[in-house]
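We did not get these values from a lab; they are worked out from the coordinates using the rules stated. Since the structure is predicted, the reported quantities are computational estimates derived from the model, not experimental observations. Neighbour counts are summed over all protein chains in view; Cβ atoms, including those assigned to glycine, are modelled from backbone coordinates with ideal geometry.
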Amino acid sequence: MTKHHLTEEQILAHATHSASAGLSLLVACHLTLCPDCRHRHELAVQVGFALAEEPRGPGADLLAATLAGLDAPLPSPTPRRHDPEGVLPAPLAALLPGTLRWRTVFPGVGELSLPVPFEGPLPPRLFRLRPGMRVPDHHHEGAELSLVLTGGFTDDGGHFVRGDVCARDDQQLHRQRIDPGEPCIVLVVADGALIPRTWLGWLAQQIHPM
Ligand SMILES: [Zn+2]
């Protein structure tokens with residue numbers, strides 16, 4: 001069950017088509033996995049329509065109905081299922097027909113750039129991380145948003161599994177430990193390059209994994 005969700009700002013940006021292509025992709029993928037955020041997104045779209053149709057203010061009836069919907073019961077969460085053949089949400093699968101071609105960037109870490117328009121030095125990417133590995137400590141040059149698609153990981157923010165969204169800013173040292181069992185595939189939208197804290201530390205981790 002998804003525990004880590006999108007923010008109101010991210011949902012609103014997607015609902016009003018003001019999000020970047022990368023953020024939009026991540027939001028669209030999360031919405032396929034999270035009934036809670038789908039519900040919030042539907043409300044945001046309704047509010048957007050109401051505002052667009054009434055330049056001097058949202059229609060009273062539609063706004064009242066929308067606000068009433070905020071208190072409506074949420075649909076039951078979809079139980080997680082093991083689905084190794086269909087791990088990519090539809091918005092991602094549409095971008096990646098055929099075999100996924102991973103490029104090894106570290107031992108145990110594969111990377112795949114996505115054909116999505118982007119600003120900044122890095123495109124939206126998929127990462128595939130070896131089960132049980134510890135990711136080298138690193139900072140980010142800018143904000144980063146991740147969506148877990150398979151497996152899971154733990155960092156200072158908690159435990160993240162399929163469907164969970166993890167947000168990091170450039171002030172935080174990021175430490176991640178990948179769950180044992182199955183590879184962890186993560187969609188990452190970042191606007192800065194990763195900066196390993198120390199390469200010596202990275203080497204030490206490879207020799208003496210924690
Ligand atoms: Zn959610």
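Data table
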{"item": "Residue-count net charge about Gly108 - beta-carbon cut-off 11 Å; Lys, Arg +1, Asp, Glu -1", "result": "+3"}
{"item": "Ordering of 1-12, 24-35 by burial proxy (mean other Cβ atoms within 10 Å per residue, highest first)", "result": "24-35, 1-12"}
{"item": "Pairwise centroid distance, computed over Cα atoms, of segment 114-135 with segment 7-51, Å", "result": "22"}
{"item": "Förster radius 35 Å - calculated FRET efficiency between Phe106 and Ala167 (Cβ-Cβ, nearest 0.05)", "result": "0.95"}
{"item": "Stretchable slack from Thr16 to Ala143, in nm (0.36 nm times residue separation minus alpha-carbon distance)", "result": "43.6 nm"}
{"item": "Packing rank of 155-167, 93-105, where each peptide gets the mean count of other beta carbons within 10 Å, highest leading", "result": "155-167, 93-105"}
{"item": "Full-extension gain in nm, Thr99 to Lys3, via 0.36 nm per residue minus C-alpha separation", "result": "31.5 nm"}
